[in-house]
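Written out below as structure tokens is the structure these notes cover.
The values are calculated or read from the model by the stated rules, or taken from the named source; none is laboratory data. Note that the structure is a prediction, hence the values are computed from the model and not measured. Counting neighbours? That spans all protein chains shown, and the Cβs are built from the backbone with ideal geometry, glycine included. Ligands, DNA and RNA are excluded from the accessible area calculation, which covers all protein heavy atoms including side chains. Shrake-Rupley method; radii C 1.70, N 1.55, O 1.52, S 1.80 Å.
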Amino acid sequence: MIKSPDAIAIIGLGNAGLPLAAVAADSGVKVIGVDLNEERCVRINQGINPIPEEKGLEELIMLHGGKSLLATPRFEDAKNCSTFIVIVPLFVDESYSPDFTVMERAVRSLGRILKKGDLVVLETTFPPGTTDTKIRAWLCESSGLEPSDFFLAYSPERIMTGYSISRLREFPKVLGGTDEESGFRAFQVYSKFISNLHLVSSAKVAEMIKVMEGCYRDVNIALANELYKICEEMGVDFFEARENANHQFCHIHLPSTGVGGHCIPVYPWFLIKEMERREEFSRCRLLRTSREVNDEMILYWAEKIILECMKLDKPLSMVKICIKGITFREGVKEFYHSRNLALARLLSEKGLDVYAADPLLSEDMVKSKGLRYIRPEEADLIFDPFELRLTVAGGDSTR
Ligand SMILES: NC(=O)c1ccc[n+]([C@@H]2O[C@H](COP(=O)([O-])OP(=O)(O)OC[C@H]3O[C@@H](n4cnc5c(N)ncnc54)[C@H](O)[C@@H]3O)[C@@H](O)[C@H]2O)c1
């Protein structure tokens, strides 16, 4: 156990927590990482990087794992720390309401080792207001401390898997306290390992900043998707129009099969649900519509694929279709809310002869998603959802 009270504890060494822990350790900070996954802790302490797709992380884990970055499954091992950063997941249930089960468990475990004067910083994306309400209440209940006995702040994680190290080193990171002193103390600690740090007026503002970013992306992707469909209807080349439309004050995003992953399709719901709870339905019409537009893009693509199949000299049910990419985004092996996977399943449900392939996935991994595998070159029609390209075997491709 690291005895130094200067050591910071990071609760959750997942895709977001581990890069943060590694960057902090690389800046000379002693870090104790607490993660329930024992096997992951053992590997980190052996200097083995458990997230190979994360650029630059391997060298940092090799250098610091088991030394200035110590991983442990026991909260007790971090009890001498005076700063605790929590970054475990917040899921949403089937109706997109936040499910705090994992978060509450981690926060209550932390509460049991929390001391008077300690600082706790949350990094998980939250519905604005969560840190100062739910988190504070759980910490008080589990520690027996009064609300004013500890410092509490929030700093959203703004990484992107694959680019986390450079994001942490270069991208602006915001931070807000639940009161002035908490913000100030958190700023002092984070300054040791984050160079582009911005203190905002409250934890709630910092929480809103991250949710706003997700909403901005979702709405703009919905706009791009809608313009793409309109351009097609009007016989206009969307990509040519977009290239020339974009300038300093206009940034049309790229169209897609929809929006997947744990972040962008989820965060607008934090605000939609809150407005619904307050019966302020008219305040979130755009957010709700954007969600619908993006989620329904798979219907548009399914129709396009079927129309293309019908041009081939084969009965529709015998056209071998390959969806070339089923992860939610290119370059990551993640499927959460993957619209590409949903598209492949939708076409299967319609009785078409659908297969999948993915540059990142083995045949077995494709099959584990309930889909049949095919080498793209063996299919009659290939749809590449990352390029939005339809290719007929031995023929032309269209966008
Ligand atoms: N991954 C990203 O790209 C990303 C980007 C921005 C924000 N975030 C935020 O980070 C949060 C966490 O995401 P992630 O990708 O790191 O998740 P993850 O699933 O990769 O990792 C979470 C880790 O927390 C550990 N854990 C769970 N419960 C615990 C507990 N009670 N005590 C200790 N450890 C516990 C798990 O074992 C796991 O290793 C997300 O909910 C999101 O708000 C993630």
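Observations on the structure shown:
- Some residue of the range 285-292 being farther than 24 Å from residue 232 by Cβ, open to solvent by 70 Å² or more (accessible area, probe 1.4 Å) and not in a helix (DSSP H, G or I): no
- Evaluation of residue 108 against the conditions (1) near the ligand (Cβ under 9 Å from one of its atoms); (2) free of Cβ contacts under 8 Å to residues at least 40 places away in the same chain; (3) within 21 Å of residue 20 (Cβ to Cβ) shows that the sole unmet condition is (3).
- Residue match in the range 323-343 (condition: over 24 Å from the mean Cα position of the chain (by Cα) and crowded, with 17+ Cβ neighbours inside 10 Å): no
- Residue in the range 149-157 that is part of a helix (DSSP H, G or I) and open to solvent by 20 Å² or more (accessible area, probe 1.4 Å) present: yes
- Subset of the range 31-46 that is open to solvent by less than 10 Å² (accessible area, probe 1.4 Å) and either within 20 Å of residue 165 (Cβ to Cβ) or in contact (Cβ under 8 Å) with a residue 40 or more places away in the chain (or both) - its residue that is nearest to the ligand (Cβ to nearest atom): 34
- Residue in the range 312-319 that is open to solvent by less than 10 Å² (accessible area, probe 1.4 Å), hydroxyl-bearing (Ser, Thr, Tyr) and in contact (Cβ under 8 Å) with a residue 12 or more places away in the chain present: no
Per-residue answers, yes or no, for (1) over 22 Å from the mean Cα position of the chain (by Cα); (2) hydrophobic (A, V, I, L, M, F, W, C); (3) on the phi < 0 side of the Ramachandran plot; (4) part of a loop (DSSP other than H, G, I, E, B):
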residue	(1), (2), (3), (4)
195	yes, no, yes, yes
211	no, yes, yes, no
228	yes, no, yes, no
231	yes, yes, yes, no
254	no, yes, yes, yes
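- Test: residue in the range 73-81 that is within 20 Å of residue 164 (Cα to Cα) and outside the structural domain of residue 272 (by TED's automatic domain parsing): no
- Residue in the range 151-166 that is more than 16 Å from the ligand (Cβ to nearest atom), more than 30 Å from residue 286 (Cα to Cα) and of a type in the set (S, T, N, Q) present: no
- Among the residues of the range 83-98, just one is buried (at least 20 other Cβ atoms within 10 Å of the Cβ) and away from the ligand (no atom under 14 Å from the Cβ), namely 83.
- Index of the failed condition, residue 186 passing every other in (1) in contact with a Leu (Cβ under 7 Å, 6 or more places away or on another chain); (2) assigned to a strand (DSSP E or B): (2)
- Matching option when the condition is within 12 Å of the ligand (Cβ to nearest atom) and in contact with a Ser or Thr (Cβ under 9 Å, 6 or more places away or on another chain), among 57, 13, 18: 18
- Residue 51 satisfies every condition listed in (1) away from the ligand (no atom under 12 Å from the Cβ); (2) buried (at least 17 other Cβ atoms within 10 Å of the Cβ); (3) of a type in the set (Val, Ile, Thr) except (1).
- For the range 201-251, the tally of residues that are among the basic types (Lys, Arg), more than 18 Å from residue 300 (Cα to Cα) and open to solvent by less than 100 Å² (accessible area, probe 1.4 Å) stands at 2.
- Qualifying residue in the range 252-273 (condition: open to solvent by 20 Å² or more (accessible area, probe 1.4 Å) and farther than 27 Å from residue 332 by Cβ): no
- Looking only at the range 60-74, residues that are away from the ligand (no atom under 12 Å from the Cβ) and of a type in the set (D, E, K, R) come to 1 in all.
- Looking across the range 112-126, the residues that are within 12 Å of the ligand (Cβ to nearest atom) and buried (at least 21 other Cβ atoms within 10 Å of the Cβ) come down to 122, 123, 124, 125, 126.
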